[in-house]
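Heads up: the structure comes next, in structure tokens.
The values are calculated or read from the model by the stated rules, or taken from the named source; none is laboratory data. The shown structure was predicted, so the numbers you read here are calculated from the model rather than taken from an experiment. A quick note on method: Cβ atoms are made from the backbone with ideal geometry, for glycine too, and the neighbour counts reach across all protein chains shown. The area values use the complete protein model at the heavy-atom level, side chains included, leaving out ligands, DNA and RNA. Shrake-Rupley method; radii C 1.70, N 1.55, O 1.52, S 1.80 Å.
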Amino acid sequence: MRFIHVDSKQYIVRLVVLFGLVFTPAIFAQGYTIGPAPSWVKPAQTPDNDKLNQQNNSDGEAYLLVDFQWQVGESQHSQYRHIVTQALNTTGVSEASQISIDFDPVYETLVLHTINIQRDGRIIDRIDRTRINLIQREEDLDYQIYDGSKTLSIFIDDIRTGDIVEYSYTIKGANPVFSGHFAENLNMQWNVPVARLHYRVLWSSARMLHIRNQGTDIEPIKSTSGQYIEYEWKRDNIKEVIADSNIPDWYDPYPVVYLSDIASWDEVTDWAWPLYRPIINTPMQQTITAAIMEQASTPEKRTLAALRFVQDEVRYLGIEMGESSHKPNTPDKVIEQRFGDCKDKSRLLVSLLQGMGIEASSVLVNTLGDLKVKNPLPTPAIFDHAIVLVRINGKNYWLDPTRNYQSGNLDALYQPDYDFALVVSDQSSGLTNMTDDVSASHSKEVNETFDFRDTTDKPVTYQIISHFDRYYADIQRKQFSETNPAELQQSYLNYMAHYFSDIEFTDEISVTDDNELNRVTVNEQYSIPNAWSKSDDGRYIFVNFEPYLMDDHIKTVEAPIRTMPYAVTHPVRYQHTTRIPVSYTHLTLPTKCRKCGC
């Protein structure tokens, strides 16, 4: 599934990511046109306050005006953007001279209005001297997703320190997959200060516009403008928000106003059901399910066999242009082409399972989880991933058909937990709390043994046996399947060399995989020629032992003065056990460890 994620921690110019909207044949070859701003736009002025400039500094740029406006009808949406910044130094000149506008040419038309420079009281029109290139970036290509979106890359020459750069444009259209629905997030603060912020929505749809504030008490000015209801938000002298380091992905430290014309999650389900409705028992599917039912005798085993087929026999690849951004292909098409994205794979798996009489539904989730779904108003645009819910003998199983290298029975299988999920069926109601069903922890267990029973001048035998369960087992399986054994062995050795510089392998790494319990065990055998070190005064010798598993996963809080949540991985279990067989006839252990002095 394709989604456009706007990170409020990035500069505002990067927030101008356009939500999808159909090139007319006349301009398709060029990709954009140049023309005046539409008549429905209300001009917003930059504040006259030079004192703001030096305080309003981020990477040498001052943000003087951020002006976003929308015109929303029953089936047609338009959005207008107007940005004004000032270059305060050499870095700011570089930032202000480059503009990027992302859009989808399948269902968006782009009109560029102005590119001006204000210098010494003069306004210099640079739209004709600007170098404009239309680029197809495919930024998600590394994730095997092709969405067809394009970037209008604009380079303005002759920008100087102190110049004010102003640009504006309009996007018209709406992705037909959303059936005319509208949703937006109005950010009220960023990590940079802003001199003036202006949001405006002209609303003529018969549907009600719902508004929800998060972290702000600002209310819109509401009025009537012709056939439209006008909503307007204005703020001046907006201070930056300094976010604490290492905050969880689901936590948004920036105040926001959510807009949506959808009142409940049931309405989102009603939107999704026609798209995800299973198609079962086609001849192509029956060839697959007949083989599964012949080999697997229980619903649990048949579910696993169907999951393995979709995970392993249908490669992950998303062609997500236009409506395909959120509309899955038919199961037979996915089987025939042998590739699909998360929504394609989920619909296929549900269809196969229902064809075998197993209760299953497609599920929409947000991979950041929790408040990313609970805080905003209901909208299909909030979801960025699709998985599957299977119910067998009254028990729920949450399965991800896009994952590879999974193993284990259904109870031992890694199940993702995205907190709240929208189950797509004709009987679903609201959001479902996944956490009620997914409580098992993912674990790493390290058992290391140092054999000091020989004399202190001989190499120490060192063995590490590590157990990885659930999610961590999948990660190990992937690593050992995709990495050259010699390269992997070398990486293990280099890791341990951080603790013992002269460590050597005495045998190859061995790996065992319990396919039933979903546990991977790794056995490492080393020799440490010079494990012992002398104290500074030469009175005794010692060895330092460090629980590297804990070092890897227990984070040091570098900025303890904080007001925001701290990100931790959960639910997990880490256990590091060190065994030291010794001969007490020749060894005296120090009373304190180097790590903590205990």
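Things to note:
- Net length available on complete extension from Ala296 to Ser441 is 49.4 nm, with 0.36 nm assigned per residue and the Cα-Cα distance removed.
- With Cα atoms defining each centre, the range 308-381 and the range 179-195 are spaced 28 Å apart in the structure.
- Cα gyration tensor, the range 267-392 - rounded (a/c under 1.5), prolate or oblate: prolate
- Structural descriptor for the range 328-392: relative contact order 34 percent, calculated from alpha carbon pairs under 8 angstrom and at least 6 residues apart.
- Spin-label pair Thr449-Ile561: with each label point 7 Å from Cα along the Cα-Cβ axis, the two points sit 5.1 nm from one another.
- Residue among Val268, Ser225, Ile124 farthest towards the positive dipole end of the chain, charges placed on Cβ: Ser225
- For the range 503-522 and the range 76-100, distance of Cα centres in Å: 54
- Shape analysis of the chain places it in the oblate category; the axes a ≥ b ≥ c from the Cα gyration tensor give an a/c of at least 1.5, with a/b not above b/c.
- Ranked from largest to smallest solvent-accessible area, with a 1.4 Å probe on the protein heavy atoms, Ser204, Ser466 come out as Ser204, Ser466.
- For the range 362-471, relative contact order (Cα pairs under 8 Å, six or more residues apart, normalised by length) works out to 22 percent.
- If the chain linking Ile580 and Leu275 were pulled fully straight, counting 0.36 nm for each residue of separation and taking away their Cα-Cα distance, it would gain 103.7 nm.
- The range 270-358 - charge dipole about Cα centre, Lys and Arg +1 at Cβ, Asp and Glu -1, debye rounded to 20: 100
- Straight-line reach from Lys458: taking Cα to Cα under 19 Å and skipping same-chain neighbours fewer than 8 places apart, the lysines in range are Lys534.
- Beta bridge orientation in the chain: antiparallel %, DSSP, nearest 5: 85
- Those trypsin sites (Lys or Arg not before Pro) in the range 232-340 that DSSP places in a loop and that have at most 12 other beta carbons within 10 Å: Lys239, Arg338
- Portion, in percent, of the accessible area of the chain that falls on carbon or sulfur, probe 1.4 Å: 47
- Computed from label points 7 Å out along Cα-Cβ, the spacing between Asp551 and Ile218 is 4.8 nm.
- Extreme residue, positive dipole direction of the chain, given options Asn393, Ile164, Ile528 (C-beta unit charges): Ile164
- Cross-link table Lys150/Lys343; Lys374/Lys395; Lys150/Lys555; Lys234/Lys343; Lys301/Lys333, entries beyond 31 Å C-alpha to C-alpha: Lys150/Lys555; Lys234/Lys343
- Per-pair calculated FRET efficiency, R0 = 22 Å: Arg235 and Lys42 via Cβ, rounded to 0.05: 0.90
- Computed lengthening from Asp128 to Lys478, 0.36 nm per intervening residue step minus Cα-Cα distance: 120.8 nm
- The chain - charge dipole about Cα centre, Lys and Arg +1 at Cβ, Asp and Glu -1, debye rounded to 20: 760
- Projecting the Cα atoms of Phe545, Tyr199, Asn281 onto the dipole axis of the chain, where Lys and Arg carry +1 and Asp and Glu carry -1 at the beta carbon, places Tyr199 farthest toward the positive end.
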